[in-house]
1. Quick check: is even one residue across the range 236-248 open to solvent by 60 Å² or more (accessible area, probe 1.4 Å), within 23 Å of T164 (Cα to Cα) and touching a residue at least 24 places away in the same chain (Cβ under 8 Å)?
2. Which one of the conditions (1) open to solvent by 40 Å² or more (accessible area, probe 1.4 Å); (2) in contact (Cβ under 8 Å) with a residue 24 or more places away in the chain; (3) outside any loop (DSSP other than H, G, I, E, B) does M254 fail to meet, given that it meets all the rest?
3. What's the total number of residues in the range 190-223 that are among the small types (G, A, S), more than 20 Å from N239 (Cα to Cα) and not in a loop (DSSP other than H, G, I, E, B)?
4. Consider Y227 carefully, then state whether it is under 25 Å from L174 (Cβ atoms) and either of a type in the set (D, E, K, R) or open to solvent by 10 Å² or more (accessible area, probe 1.4 Å) (or both).
5. Is it fair to say S201 is on the phi < 0 side of the Ramachandran plot and surrounded by fewer than 16 Cβ atoms within 10 Å (Cβ to Cβ)?
6. So which residues in the range 175-189 are farther than 14 Å from V260 by Cβ and assigned to a loop (DSSP other than H, G, I, E, B)?
7. Is it the case that T95 is loosely packed, with under 10 Cβ neighbours inside 10 Å and part of a helix (DSSP H, G or I)?
Amino acid sequence: MSTTPTRPEMPQAEPPVPSYGTPRWIPILFVVLFLVSGYLVYSGIHSHQGLEMQLAQSNAQISKQGTALDTANSQIDDLKAELDLTTQKLGLTQTQLAQARKTAAILRREQVRSSKKLQAQIGQVQQQTQAGMGQLSNELGGTKTDLAATKKDLAATQNKLQGTVGDMGVMSGLVAHNKDQLSELIRRGQRSYYKFDLYKSKHPYRVGPVVVQVSHVDTKHWRYNMYVTVSDKRIEKKNKTLYEPVQFYTPDSMAPLEIVVFQIKKNEIVGYLSAPKEQPQGKQSAAAPSTR
């Protein structure tokens with residue numbers, strides 16, 4: 001057998017190690033990581049600054065709240081003190097409060113009694129008022145009757161007024177026989193009238209525009225004497241009677257003045273002087289007695 005000659009074995013070469021280049025994404029990754037890191041650092045710094053500002057604000061608020069809390073605590077202490085004082089005062093006035101309540105109850109009872117008493121009095125007054133109204137109605141009726149009678153008497157007085165001839169022969173006007181008739185003459189106003197109430201005296205009295213002196217009074221025969229002074233002229237009138245018009249003139253009068261006496265008393269005569277309207281009015285003497 002033939003033997004094939006063998007070839008010497010060739011040493012086998014090692015497979016080539018592939019050589020790889022630096023991947024392109026790795027630098028990009030580093031850049032991205034750097035940017036992210038920078039952002040994170042910036043964000044951290046910014047957040048830290050924000051936190052510091054918030055912390056400062058919080059500290060300021062805490063300080064402010066602490067001050068407010070101190071003020072509130074002080075106020076609470078004051079309120080506690082006032083409350084304690086009020087409590088003490090309230091404790092001291094409990095007796096007074098009880099006394100006040102007792103007094104109020106007494107006043108209420110008194111008020112109720114007074115109200116009942118007042119109502120009873122009101123009812124009594126109402127009854128009295130009703131009775132008084134009835135009496136007043138009766139009195140008004142009587143007053144009306146009296147008024148009618150007064151009117152009737154006045155009419156009679158007017159009818160009784162009459163004229164007469166005076167002591168100088170001159171027809172007199174209406175002559176009043178009493179004070180009521182004299183009031184009617186005054187109301188008519190046809191002449192001026194001067195009332196008088198004269199006493200027997202050595203001193204004269206002024207009556208209207210003349211001066212009169214009563215020299216004698218005779219109550220038995222109802223006569224009297226007097227002197228009348230007119231414009232410095234003295235005139236004597238003797239033995240004059242009741243209701244007799246004693247007439248005389250003044251230099252300025254066209255109609256006579258008249259003295260009428262309608263009442264004779266002891267040393268006293270009562271009557272009036274009548275004068276025409278155009279007669280100047282004299283002044284009443286301060287020494288003259290008051291008229292009636």
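The values are calculated or read from the model by the stated rules, or taken from the named source; none is laboratory data. Worth saying up front: this structure is predicted, and the values here are computed from it rather than measured. Please note: Cβ atoms are built from the backbone with ideal geometry, for glycine as well, and neighbour counts cover all protein chains shown. Keep in mind that these areas ignore ligands, DNA and RNA; they rest on the heavy atoms of the full protein, side chains included. Shrake-Rupley method; radii C 1.70, N 1.55, O 1.52, S 1.80 Å.
1. Yes, the conditions are met somewhere in the range 236-248.
2. Going through (1) open to solvent by 40 Å² or more (accessible area, probe 1.4 Å); (2) in contact (Cβ under 8 Å) with a residue 24 or more places away in the chain; (3) outside any loop (DSSP other than H, G, I, E, B) one by one, M254 breaks only (3).
3. Within the range 190-223, residues that are among the small types (G, A, S), more than 20 Å from N239 (Cα to Cα) and not in a loop (DSSP other than H, G, I, E, B) number 1.
4. For Y227, the condition - under 25 Å from L174 (Cβ atoms) and either of a type in the set (D, E, K, R) or open to solvent by 10 Å² or more (accessible area, probe 1.4 Å) (or both) - is not met.
5. Judged against the criteria, S201 is a match.
6. G189
7. So T95 fits the description; yes.
For (1) under 46 Å from the mean Cα position of the chain (by Cα); (2) in a helix (DSSP H, G or I); (3) β-branched (V, I, T), each residue gets a yes or a no:
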residue	(1), (2), (3)
H48	no, yes, no
M53	no, yes, no
K64	no, yes, no
K80	no, yes, no
T103	yes, yes, yes
L107	yes, yes, no
Q111	yes, yes, no
S115	yes, yes, no
